[in-house]
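Taken together, the values in this text are just the output of simple stated rules run on the coordinates, not laboratory data. Note that the structure is predicted; figures quoted are calculated from it, not measured. Cβ placement follows ideal geometry from the backbone for every residue including glycine, while neighbour counts extend to all protein chains displayed.
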Amino acid sequence: MMQNILVTGGCGFIGSNFIRYLLEETDFAGRIINLDKLTYAGNPENLAGIDEKFAQRYVFQKADICDRAELQRIFREFQIDTICHFAAESHVDRSIAGPDAFIQTNVIGTFNLLETAREHRDRLRLFHHVSTDEVFGSLGKEGAFTEATAYKPNSPYSASKAASDHLVRAYYKTYNIPVTISNCSNNYGPYQFPEKLIPLMILNALERKPLPVYGDGSNVRDWLYVRDHCAAIWLIMNRGRRGETYNIGGDTELPNLRVVQLICDRLDAILPESGAPPRRELITFVKDRPGHDWRYAIDFSKLRGELGWTPAESFETGIDKTIRWYLERREWVERVKSGEYQNWIKAHYG
């Protein structure tokens with residue numbers, strides 16, 4: 001029933017993986033309209049070859065979800081009937097340094113998108129909103145976040161995502177907009193921007209640069225391979241109950257220090273260097289960031305029980321695939337790290 005899916009933030013890490021998953025691995029036969037502002041984390045190269053391979057089923061539109069007029073044009077021109085909303089500012093450290101962009105994109109942008117969807121509700125099939133487990137705040141040693149956990153965000157980023165979650169839920173209750181919401185744990189995998197923990201550690205370890213770990217490295221995260229996340233979202237979009245929220249987790253709780261150690265050990269095994277010290281010796285501990293949540297853990301039993309989803313990848317298999325992907329994409333890495341891809345964006349899109 002979904003014919004024209006608007007994917008916001010489709011040139012980002014998770015969005016580009018989702019578009020590839022839909023076009024390359026599912027039986028979806030409709031059209032994807034990729035809306036992306038192309039900020040520093042939006043890279044059209046993440047979807048290289050998609051426009052040629054799926055010329056009749058993939059469209060890219062450079063636009064900002066804060067621009068209501070552009071949203072109206074895109075909804076009308078492409079007859080949008082479904083939205084999968086990834087577009088967001090998503091880095092905690094950046095939100096601490098400059099929260100304004102997070103409020104504008106994550107709150108005002110989501111509001112604009114909801115309003116535009118409401119104005120075109122006669123053909124709207126679904127508004128799926130992609131969120132994070134960070135809206136729930138921090139856990140102690142025991143327990144896990146469920147869909148009933150009270151919100152308690154601790155950073156400007158998580159507060160802005162909490163606000164957008166509430167807006168989406170309110171539009172379902174107030175205006176009967178068909179929505180689903182997913183709150184996921186930490187993603188990793190191909191095409192992730194190098195500022196995030198796992199790609200940063202992989203790339204620094206390859207170059208034998210210091211591996212900075214906040215505090216004592218005891219902060220715990222649940223890790224979710226991005227392809228598993230994409231499969232869960234698509235399942236929710238097709239079979240999830242409207243108005244419901246579903247948690248998506250990787251069933252892999254690990255302290256940050258252990259994650260870095262595993263990356264070091266795997267790289268030592270894949271790329272042994274005669275006479276070189278183990279890469280674990282590159283680990284350095286740095287001052288903890290403000291408001292650093294100590295532990296996240298996701299209970300995804302609702303998703304498993306209702307829709308039968310479980311992650312296909314363990315952390316060991318997922319991190320091995322991720323490391324090998326970065327090793328095989330050195331040119332992509334260099335263009336991203338140098339900012340060269342932004343010159344290409346300026347040349348093509350201004």
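Values as computed for the structure displayed
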| item | result |
| --- | --- |
| Most fluctuating residue given options Glu328, Glu89, Glu313, as computed from a GNM of the chain linking Cα atoms under 10 Å | Glu328 |
| Candidates Pro44, Pro290, Pro178, ranked by Gaussian network fluctuation over the chain, Cα under 10 Å, top entry | Pro290 |
| Among [x] 54; [y] 48; [z] 43, the entry derived from the coordinates for percent of Cα pairs over 26 Å apart | [y] |
| Listed residue (Leu114, Phe60, Asn17) projecting farthest to the positive dipole end of segment 1-129, Cβ model | Leu114 |
| Inverse of mean 1/r across different Cα pairs in segment 50-204, Kirkwood, Å | 17.2 |
| Qualifying GluC sites (Glu not before Pro) in segment 206-253, DSSP loop, other Cβ atoms within 10 Å at most 15 | Glu207 |
| Cα convex hull of segment 213-270 - mean projected area over all directions, nm² | 5.5 |
| Normalised contact order of segment 204-301, rounded percent, pairs of Cα under 8 Å and 6 or more residues apart | 49 |
| Cβ-placed point charges (K, R +1; D, E -1), dipole of the chain about Cα centre in debye, nearest 20 | 500 |
| For segment 272-329, fraction of C-alpha pairs farther apart than 18 Å, in % | 69 |
| Surrounding net charge for Gln61, when Lys and Arg each add one and Asp and Glu each subtract one, Cβ distance under 13 Å | -1 |
| Selected from Ile298, Ile198, Ile270 as most flexible by GNM, with the chain as the system and alpha-carbon contacts under 10 Å | Ile270 |
| For segment 1-113, alpha-carbon Rg and Dmax in angstrom | 14.0, 43 |
| Over 16 Å [Cα-Cα, segment 60-142], rounded percent | 58 |
| Computed log₁₀ I(q)/I(0) - Debye formula, equal Cα scatterers, no solvent, segment 142-283, q 0.12, 0.13, 0.21 Å⁻¹ | -0.63, -0.72, -1.35 |
| Loop trypsin sites (Lys or Arg not before Pro), segment 280-334, which have at most 16 other Cβ atoms in a 10 Å radius of their Cβ (DSSP) | Lys287, Arg329 |
| Inter-part distance where segment 217-248 and segment 175-196 are each reduced to a Cα centre, Å | 7 |
| Dipole magnitude (debye, nearest 20) for segment 36-95, charges at Cβ of Lys, Arg, Asp, Glu | 140 |
| Antiparallel content of DSSP bridges confined to the chain, in %, to 5 | 10 |
| Above-threshold pairs, the threshold being 20 Å between Cα atoms, out of Lys196/Lys302; Lys209/Lys337; Lys152/Lys287; Lys62/Lys173; Lys196/Lys287 | Lys196/Lys302; Lys152/Lys287; Lys62/Lys173 |
| Between segment 271-350 and segment 58-75, the Cα center-to-center distance that results, in Å | 29 |
| The chain, relative contact order in percent, only Cα pairs under 8 angstrom and at least six apart counted | 18 |
